[in-house]
2 protein chains.
Amino acid sequence: MRTPTQHLIEKSVKVTAQRAAVLEFLQGNRDHPSPDEIYRKVHKRFPYISRATVYNTIKTLLKAGLLQEVLIQQDTTRVDPNVSQHHHFKCLRCGTVEDMPYALMTADHVRKSLKNYQVQEVRMVAEGLCRQCR
Amino acid sequence: MRTPTQHLIEKSVKVTAQRAAVLEFLQGNRDHPSPDEIYRKVHKRFPYISRATVYNTIKTLLKAGLLQEVLIQQDTTRVDPNVSQHHHFKCLRCGTVEDMPYALMTADHVRKSLKNYQVQEVRMVAEGLCRQCR
DNA sequence: CACGTTGATTAGACTAATTCTAATCTAAGA
DNA sequence: TCTTAGATTAGAATTAGTCTAATCAACGTG
């Protein structure tokens, strides 16, 4: 298994102790944490890190493809170390966010397949360049 | 064509001049504006409205089903007066948000159908209640 | 159709998330 | 080892959104 440092080198990202610490924390985490959660948890084990660096590091790792953003409105930013193609389910009561397999792609498909869940909303956004901007 | 006031009455929402002004502005708008944009535009024609009322009114209209939220991360809240089932396309260069027909539902389908666009990301989120919370 | 109650509106203070600043430090190529 | 571009830092600044408590107004009732 590759270490956080190896991942950084692979993606040509300059290696710093802070970046390795953030990445290491995230790779052992399935909770889709917010920047503040990351800061608090990493800071415990590694007091030499500031909040601004956590935000900067998240951006760097997103750009390098080592993290994925979770698209949840009305909440803070959340990130996912699982960068494979998949989607998310957010519980409106307890707020937890779970991964959903990519195969469950259409709204009706999601509703039918997640039988143990009570799906209320399925929202999709595409991003890219519009006709004018291509 | 129904007036903003008629829409409010239909949904059993108490009619106020502020609510009618916000709804009137939105119904003539396809730009998916942010709360601040709504405040500035409505305030020009109708100076007797405060920022807090714009936020309150948006919530009221969302709850009544007269508006829909657009799910775009790393940006402010945006709302859409088109409450029919559809999704959105955001241009990463100019930032505009366009409506996408509901029929284009799967990621692959979106990519193939939006030929004039350069689709980079298709993101989907389901919301509801998880097993524990049902 | 005036009255009263319930809910709406207001300005501005407050909070939370994120970004900026400018000084200092450090990774890593020469 | 030296150099320099880029990373890190604490804390200030900014921004989006919520809260507060006083005032106001819609609209059902009498």
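Quick notes
- Selection from region B:1-17 of residues that are part of a helix (DSSP H, G or I) and within 9 Å of DNA strand D (Cβ to nearest atom): B:THR5, B:LEU8, B:ILE9, B:ALA17
- Among residues of region A:40-64 that are touching a residue at least 60 places away in the same chain (Cβ under 8 Å), none has a Cβ under 7 angstrom from a residue that is more than 6 Å from DNA strand D (Cβ to nearest atom) at a sequence gap of 6+ or on a separate chain.
Where a number appears in this text, it was derived from the coordinates with a stated rule and is not lab data. For clarity, every value in this text was computed on a predicted model and none was experimentally measured. Methodologically, a virtual Cβ is constructed for each residue, glycine included, from the backbone with ideal geometry; neighbour enumeration extends over all protein chains shown.
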